[in-house]
1. Run the numbers for Leu203 and Asp138: contour at 0.36 nm per residue of separation, minus the present Cα-Cα distance, in nm.
2. Just to check I understand the Karplus step: with θ = phi - 60° and J = 6.51 cos²θ - 1.76 cosθ + 1.60, what whole-Hz values come out for segment 178-194, glycine and proline as x?
3. Using a Förster distance of 45 angstrom, determine the FRET efficiency expected from the C-beta separation of Arg260 and Arg169, and round it to 0.05.
4. Over segment 69-259, with a single point scatterer placed on each C-alpha, what log10 of the ratio I(q)/I(0) does the Debye formula yield at q = 0.10, 0.11, 0.14, 0.17 1/Å?
5. Report ³J(HN,Hα) in whole Hz for each residue of segment 229-240, in order, from the Karplus equation J = 6.51 cos²θ - 1.76 cosθ + 1.60 where θ = phi - 60°; Gly and Pro get x.
6. Expressed in nm², what is the orientationally averaged projection area of the convex hull enclosing the Cα positions of segment 133-231?
7. Could you name the aspartates and glutamates whose alpha carbon sits less than 17 Å from that of Lys261, not counting residues in the same chain fewer than 8 places away?
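Quick note: the coordinates plus some simple rules give every number you see, no bench work behind them. Computed from a predicted model, the values in this text were never measured in an experiment. Ideal geometry is used to build each Cβ from the backbone, glycine not excepted, and the neighbour counts take in all protein chains shown.
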Amino acid sequence: MIGLLVTHHRSRVPCKGRGNKMHIVVHRADHGWKFRHSRADVNRPEFAFGCGYLYSGKGRRFGYLPVKTIAIDFETANEQRGSACSVGLAWIEDGRVTRVEERLIRPRDMRFSGMNIAIHGIRPEHVEDAPEFPEVMDEFHEDFRGATMIAHNAAFDFSVWRASLDLYRQSYPELTYLCSLKMAQRIWPHFLSHRLNLIAEHLGLRFLHHNAAEDAAVCASAAIEMARAVKAATVAAIPDVIGMKPGRLTPSGYEPCTCRKA
């Protein structure tokens, strides 16, 4: 029986098995996991949706590597990107959505525009007792660590995240993110529209549009279907298949998610 312990980001981990001591070096890339080995008979890393498995030379599976992917969606109180009033999150594990959360957020500026209320239905009285942005996002700090995030029209959602952190003078987290809108445009070019509600209709998914939790869950479900469509091992592996450069948030700034020209 081989005991395997794995940590993130180029961590060298000793593992013992049948009298041998071996080291496995795990690299977490933007698109998933890579493996390098020494003094080990590990030569066939394979993947399942949402997770990675290690196999021995004889085909025996002896390790499991989780690949965290979380879909996110924000709703805003007004036209200002720093006015988040709700966030929805959906976790992807083993090729399915396993957890969905929604939190109301009390914006620093409690000005709610009629247009935004008409879109999502959230009013000032709904968020009067809600925590503000930093407290809400801190609840999920450990979930975000090492995760690949995904949003439908990520340019909007991640500008909301950045603007809200700027408002509170907080640094950006270190994370990688994907845009399911850009992915859908590349993978399903024949669709007349790539809006989230129309993609959901095409996939037979019913949901309440502009509810942050349901938007995040449908974004996650659509991403799983996209991974299957292009035979990507995980959602996080889609960029390698379609020629996408993942976006990045870092404490020093950000890089947008882009696709190479077809």
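1. Between Leu203 and Asp138, full extension yields 20.1 nm more.
2. Listing the rounded values in order: 10, 10, 5, 5, 5, 4, 5, 4, 7, 7, 10, x, 7, 5, 5, 9, 10 Hz.
3. Working: r = 36 Å, r/R0 = 0.80.
So the FRET efficiency works out to roughly 0.80.
4. With one equal scatterer per Cα and no solvent, log10 I(q)/I(0) is -0.38, -0.46, -0.75, -1.11.
5. Residue by residue, segment 229-240 yields 4, 9, 6, 7, 5, 9, 4, 5, 8, 4, x, 5 Hz.
6. Mean projected area for segment 133-231: 6.9 nm², to one decimal.
7. Asp240
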